[in-house]
Amino acid sequence: MKIPVCDRCKARNVEGIICHHCDTAYCYDCLETNPPDMRICPTCGQFLCNECYEGMIQCDLAVRK
C-alpha cells in the first residue's frame, strides 16, 4: 500500500506497511534492512509494529467480537 511517509527514513509517498494499532508506517526498503520492525498478529493476521506487538496482551480485534 502507498504510505504518506516512512517513520524510519522519512521517504514520502512510497510503498510500505502501516501498523494496525498505532499507525506507524515503514517503507519496504526499511523493512528489508530491518524485518523485525513489523510483525503479524497471530490472532487476526494484521500487521503490528514491534513496539505494539511486544506490548500486546491480547488482540484488539478478538476483544471486539
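The values are calculated or read from the model by the stated rules, or taken from the named source; none is laboratory data. Predicted model only: the values in this text are computed from it and were never measured. Heads up, the Cβs are rebuilt from the backbone with ideal geometry, glycines too, and the neighbour counts pull from every protein chain shown. To get the accessible areas, we keep the full protein, side chains included, count just its heavy atoms, and leave off ligands, DNA and RNA. Shrake-Rupley method; radii C 1.70, N 1.55, O 1.52, S 1.80 Å.
For the reader, a short list of remarks on this structure follows.
- Whole-number accessible area per residue in Å² for the chain, which is evaluated in the context of all protein chains at 1.4 Å: 69 Å²
- Environment charge at residue 11 (Cβ cut-off 14 Å; Lys +1, Arg +1, Asp -1, Glu -1): 0
- Segment residue 33-residue 1, extension gain: residue separation times 0.36 nm, minus the distance between their alpha carbons: 9.7 nm
- Over the residues of the chain, the helix contribution to mean residue ellipticity at 222 nm works out to -5500 deg cm²/dmol, using -39500 (n - 2.57) for each DSSP H run of at least 4.
- Other residues whose C-beta falls under 15 angstrom from the C-beta of residue 50 contribute a net charge of -3, scoring Lys and Arg +1 and Asp and Glu -1.
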